Amino acid sequence: MSLPSVESLIEKLAQALTPYFSSSDSPPILVGIETGGAWIAQQLHQTLNPEAELGRLNISFYRDDFTRNGLHPTVQPSSLPTDIDDKTIILVDDVLHSGRTVRAAMNEIFDYGRPRQIVLAILIDRGAREIPIQADIVAATMELDPGCHIKLEGPDPLKLVIRQLERDGE
């Protein structure tokens, strides 16, 4: 399967997000979900408005599969602007699949305050939701065979890779 270039997908996201940065109100806050979403948010930040606020979420403590998967040994704290009340947040992630990562990210955002709006921008939507989460802006939609996983690797260079998941006992 031929994968699109990450640069072209980020450019597509940037074009779709431009109207959010051209209003006379204060610019939205870009917030990337660790790790791939944070890499994408950083690039969008430089392209769209380097003066806008930029945040990063590490949702490890908010995942509903925390007890099953445990914590990664290098969990870093989240970093959001101190005041997100009544602001527009553009939440950025690399791959939208089950919806659980985005749900966890929104739970954490609401622990910081009450934004006016959350706009979800996704690099790759691969479908197969487990909970009803839908992206507002999607750079590409991709269907993968069961047992396949798509991941953004980086940060330099950023590239998409597809891997076959290992089955238990093999």
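Some values worked out for this structure:
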{"item": "Any pair with Cβ under 7 angstrom, 6 or more apart, that starts in region 74-98 at a residue that is in contact (Cβ under 8 Å) with a residue 60 or more places away in the chain and part of a strand (DSSP E or B) and ends at one that is of a type in the set (S, T, N, Q) and crowded, with 18+ Cβ neighbours inside 10 Å", "result": "Asp93/Thr101"}
{"item": "Subset of region 61-94 [in contact with a helix residue (DSSP H, G or I) (Cβ under 7 Å, 6 or more places away or on another chain) and either at pLDDT 90 or above or buried (at least 18 other Cβ atoms within 10 Å of the Cβ) (or both)]", "result": "Tyr62, Ser78, Leu80, Ile84, Thr88, Ile89, Ile90, Leu91, Val92, Asp93, Asp94"}
{"item": "Unmet requirement for Asp145, which otherwise passes all of (1) without any contact (Cβ under 8 Å) to a residue 12 or more places away in the chain; (2) within 19 Å of Leu57 (Cβ to Cβ)", "result": "(2)"}
{"item": "Residue satisfying all of: in region 113-127; charged (D, E, K, R) and not in a strand (DSSP E or B); surrounded by the fewest Cβ atoms within 10 Å (Cβ to Cβ) among these", "result": "Arg114"}
{"item": "Single condition Phe110 does not satisfy, out of (1) hydrophobic (A, V, I, L, M, F, W, C); (2) surrounded by fewer than 14 Cβ atoms within 10 Å (Cβ to Cβ); (3) assigned to a loop (DSSP other than H, G, I, E, B)", "result": "(3)"}
{"item": "Thr141, sole failed condition from (1) under 24 Å from Leu54 (Cβ atoms); (2) among the polar types (S, T, N, Q); (3) in contact with a strand residue (DSSP E or B) (Cβ under 6 Å, 6 or more places away or on another chain)", "result": "(1)"}
{"item": "Lone unmet requirement of (1) at positive phi; (2) within 12 Å of the chain's Cα centre (by Cα) for Val102", "result": "(1)"}
{"item": "Hits in region 25-43 - residues which are under 20 Å from Met106 (Cα atoms) and assigned to a helix (DSSP H, G or I)", "result": "Gly36, Gly37, Ala38, Trp39, Ile40, Ala41, Gln42"}
{"item": "Some residue of region 29-47 being within 20 Å of Asp125 (Cα to Cα) and more than 14 Å from the chain's Cα centre (by Cα)", "result": "no"}
{"item": "Complete set of residues in region 127-152 that are modelled with pLDDT under 95 and not hydrophobic (A, V, I, L, M, F, W, C)", "result": "Gly127, Arg129, Glu130, Glu143, Asp145, Pro146, Gly147, His149, Lys151"}
{"item": "Where a residue in region 10-24 is on the phi > 0 side of the Ramachandran plot and part of a helix (DSSP H, G or I) and its partner, wherever it lies, is surrounded by fewer than 16 Cβ atoms within 10 Å (Cβ to Cβ) and of a type in the set (A, V, I, L, M, F, W, C), with Cβ under 9 Å and at least six apart", "result": "none"}
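The values are calculated or read from the model by the stated rules, or taken from the named source; none is laboratory data. Quantities reported herein were computed from a predicted structural model and do not represent experimental measurements. Note: ideal-geometry Cβ built from the backbone for every residue, glycine included; neighbour counts use all protein chains shown.
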